[in-house]
Amino acid sequence: MRPLGELRMVLAVSAQHRLANRKAVTLQALREETFVDVSRDWGTRLITDRALAAAAIERRVAFELNDLFTAMDLISAGLAVAVMPELEMTRNDGLKLIPITGSRMVWEISMVSREGDLSPAAEELIRHLLEARGGPLPISTRD
């Protein structure tokens with residue numbers, strides 16, 4: 001396994017949400033929120049569940065789905081909030097992405113490949129991904 005980088009987990013809220021103008025939030029600020037989230041076996045869900053459990057916060061997940069774009073629509077409509085990786089594709093006018101402080105929540109991106117006998121295209125992809133490690137990941141990392 002080869003580490004490629006990390007994506008910070010952020011709080012996604014609608015532009016009209018009560019927390020939308022905050023520069024950062026703590027997990028405690030999420031105590032009364034209604035969430036949209038992915039399935040319990042997804043890595044980003046495990047990160048969120050563990051961080052909230054460590055902070056002794058029980059949360060209400062009203063929507064559980066595996067479609068980021070539908071989740072973003074629900075958030076933009078003000079129906080829920082989410083903790084998600086800060087990806088370039090999660091940036092839109094209807095959402096505010098807010099850093100979470102007081103807990104190190106990151107999604108680690110790694111690559112697994114078998115040794116030898118790879119196609120030239122697979123070798124080139126691996127080379128490109130490993131070179132990109134020195135800079136931003138192709139899927140974007142923002143501090």
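The values are calculated or read from the model by the stated rules, or taken from the named source; none is laboratory data. Quantities reported herein were computed from a predicted structural model and do not represent experimental measurements. All Cβ positions, glycine included, derive from the backbone under ideal geometry; neighbour counts span all protein chains shown. Heavy atoms of the whole protein, side chains included, go into the accessibility calculation; ligands, DNA and RNA do not. Shrake-Rupley method; radii C 1.70, N 1.55, O 1.52, S 1.80 Å.
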Find how many whole Å separate the alpha carbon centroid of the range 9-23 from the alpha carbon centroid of the range 30-73. 15 Å
Please identify which residues in the range 1-25 have an amide N closer than 15 Å to a label point set 7 Å out from the Cα of Ala54, following the Cα→Cβ vector. 8-10
Of the candidates Met72, Met111, Met84, which one comes out as most mobile in a Gaussian network treatment of the chain with C-alpha springs shorter than 10 Å? Met111
Candidates Leu130, Leu52, Leu118, ranked by Gaussian network fluctuation over the chain, Cα under 10 Å, top entry: Leu118
On the accessible surface of the chain, probed at 1.4 Å, how many percent belong to carbon and sulfur atoms? 52 percent
What length, rounded to one decimal in nm, is gained on full extension from Ala24 through to Glu64, with 0.36 nm per residue of separation minus their alpha-carbon distance? 11.9 nm
Over all alpha-carbon pairs of the range 1-65, lay out the pair-distance distribution in 10 Å bins, whole %, shortest bin first. 17, 50, 27, 6, 0
Across Ile100, Ile126, Ile47, the residue with the highest GNM fluctuation in the chain (Cα network, 10 Å cutoff) is Ile126
Taking Cα pairs under 8 Å and at least six residues apart, what relative contact order does the chain come out at, in percent? 44 percent
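Got a sec? What order do Ile75, Ile109 fall in by accessible area at 1.4 Å, biggest, i.e. largest, first?
Working: Ile75 0, Ile109 30 Å².
Sorted by accessible area, descending: Ile109, Ile75.
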Residue-averaged [θ]222 nm for the chain, counting only DSSP H segments that reach four residues, each worth -39500 (n - 2.57): -7500 deg cm²/dmol
Taking 0.36 nm per residue of separation between Arg114 and Leu97 and subtracting their Cα-Cα distance, the length gained on full extension comes to 2.5 nm
Taking the convex hull of the Cα atoms, report for the chain its projected area averaged over all directions, in nm². 9.5 nm²
Loop only by DSSP, 10 or fewer other Cβ within 10 Å of the Cβ. Give me the GluC sites (Glu not before Pro) in the range 46-87 that pass, ordered by residue number. Glu58
May I ask you to list the trypsin sites (Lys or Arg not before Pro) in the range 37-96 that are in a DSSP loop and have at most 10 other Cβ atoms within 10 Å of their Cβ? Arg40
